[in-house]
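Visitor: Below is one structure. I have some questions about it.
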Amino acid sequence: MSTQSQIYGGAFAESVFEAQAVFRTLMDCFARPGTIGRLSTAASPPPPLGGASGAVALTLCDHDTPVWLSPALSKSAAPKWIAFHTGAAVTDTKNEARFAFFEKGAAVPGFDQFGLGSQEYPDRSTTLVVEVETLEGGQPLIGRGPGIKNGIVIAPKGLPDVFLDLWTANRAIFPRGIDLVVTSGETVLCLPRTTKLERE
């Protein structure tokens, strides 16, 4: 596939309807943290950006949302693909980004390097979109908090070894902090900063 076709192709065929479907799934998953949602539609972005992460970008990014990309993504056709299909500009400054994307296996830096919002405007923070090997089969963690009735077990496989420490520190600065979307294949799992995680 040529670089040009990678940039101009791979978006939603029915942009409005498919973006609405992805948005509903993401909102449902944020309302019920830890549940796994399946996207009824997927994008075909340039590798190494995955399909579900690409669908999230097409749905949530626009000209008002600066995007930060992992080093491997920034060297691919992904920046031009995102810019062409969403109008979002790519930034090299982590704490200016509204969304940050990581391909499967990418190193994830400390969450405090990204925008954490402020006490007055906690929504001015970065949402991290992290692709992993699978959303099941990893280290089990119990999630508790708003939207979770009796605790929920999550076990994404491929998150950093220090993920729980990073998340605990993120939770401690609430209402500031990042939110997280974990993707794999055509599935997503969302963790708002309100969710508390601990080992099973």
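The values are calculated or read from the model by the stated rules, or taken from the named source; none is laboratory data. This is a predicted model, so every value here is computed, not measured. Every residue, glycine among them, receives a Cβ derived from its backbone with ideal geometry; neighbour counts consider all protein chains shown. What goes into the accessible areas is simple: the full protein's heavy atoms, side chains included, and nothing from ligands, DNA or RNA. Shrake-Rupley method; radii C 1.70, N 1.55, O 1.52, S 1.80 Å.
Visitor: Only residues that are in a helix (DSSP H, G or I), touching a strand residue (DSSP E or B) at 6+ places or on another chain (Cβ under 9 Å) and surrounded by fewer than 16 Cβ atoms within 10 Å (Cβ to Cβ): list them for segment 151-200, please.
Guide: First, the residues of segment 151-200 that are in a helix (DSSP H, G or I): 163-172.
Filter again for touching a strand residue (DSSP E or B) at 6+ places or on another chain (Cβ under 9 Å), leaving 163-164, 167-168, 170-171.
If the condition is that a residue be in a helix (DSSP H, G or I), touching a strand residue (DSSP E or B) at 6+ places or on another chain (Cβ under 9 Å) and surrounded by fewer than 16 Cβ atoms within 10 Å (Cβ to Cβ), then Leu164, Thr168 are the ones that fit.
Visitor: Output the residues belonging to segment 120-140 that are surrounded by fewer than 19 Cβ atoms within 10 Å (Cβ to Cβ) and either of a type in the set (Phe, Trp, Tyr) or not in a loop (DSSP other than H, G, I, E, B) (or both).
Guide: Tyr121, Thr134
Visitor: Starting from segment 131-157, keep only residues that are without any contact (Cβ under 8 Å) to a residue 40 or more places away in the chain, then list their pairs with residues that are part of a strand (DSSP E or B) whose Cβ atoms are within a distance under 6 Å, requiring at least 6 positions of separation or different chains.
Guide: Taking only residues 6 or more apart or on different chains, the pairs are Gly137/Lys157; Gly138/Lys157; Gly151/Ile142; Gly151/Arg144; Pro156/Val182; Lys157/Thr134.
Visitor: Shifting gears a bit: When residues of segment 1-31 are filtered for being more than 16 Å from the chain's Cα centre (by Cα), closer than 24 Å to Leu189 by Cβ and not aromatic (Phe, Trp, Tyr), how many remain? Please lay out each step first, then the result.
Guide: Taking segment 1-31 first, the residues more than 16 Å from the chain's Cα centre (by Cα) are 1-18, 20-21.
Among the residues that remain, those that are also closer than 24 Å to Leu189 by Cβ are: 10-12, 17-18, 20-21.
Now narrow it down to the ones that are not aromatic (Phe, Trp, Tyr): 10-11, 18, 20-21.
Count: 5.
Visitor: Let me confirm something: among Gly143, Gly117, which residue is on the phi > 0 side of the Ramachandran plot and open to solvent by less than 80 Å² (accessible area, probe 1.4 Å)?
Guide: Working: Gly143 fails: on the phi > 0 side of the Ramachandran plot.
None of the others qualify; the one that does is Gly117.
Visitor: A follow-up question, please. Please note which helices (runs of 4 or more DSSP H) are completely contained in segment 4-107 and include at least 3 residues that are open to solvent by 30 Å² or more (accessible area, probe 1.4 Å). Break it down stepwise before answering.
Guide: Numbers: elements: 15-31, 51-60, 71-74, 78-86.
Output list reads 15-31, 71-74, 78-86.
Visitor: When you look at Ala72, is it over 14 Å from the mean Cα position of the chain (by Cα) and at pLDDT 95 or above, yes or no? Please lay out each step first, then the result.
Guide: Details: over 14 Å from the mean Cα position of the chain (by Cα): yes; at pLDDT 95 or above: yes.
Yes.
Visitor: Filter segment 1-41 down to the residues that are aliphatic (A, V, I, L, M) and in contact (Cβ under 8 Å) with a residue 40 or more places away in the chain, then identify the one that is nearest to Lys157 (Cα to Cα). I'd like the intermediate steps shown before the answer.
Guide: As a first pass, look at segment 1-41 and keep what is aliphatic (A, V, I, L, M): 1, 7, 11, 13, 16, 19, 21-22, 26-27, 31, 36, 39.
Still in the running and in contact (Cβ under 8 Å) with a residue 40 or more places away in the chain: 7, 11, 19, 26, 31, 36, 39.
Working: Ile7: 30, Ala11: 27, Ala19: 27, Leu26: 20, Ala31: 22, Ile36: 13, Leu39: 19 Å.
Restricting to residues being aliphatic (A, V, I, L, M) and in contact (Cβ under 8 Å) with a residue 40 or more places away in the chain, the top hit is Ile36.
Visitor: Got a sec? Which of Gly137, Gly158 is more than 22 Å from Gly54 (Cα to Cα), modelled with pLDDT of 95 or more and not polar (S, T, N, Q)? Don't jump to the end; show me each part of the working.
Guide: Details: Gly158 fails: more than 22 Å from Gly54 (Cα to Cα).
One residue alone meets the criteria, Gly137.
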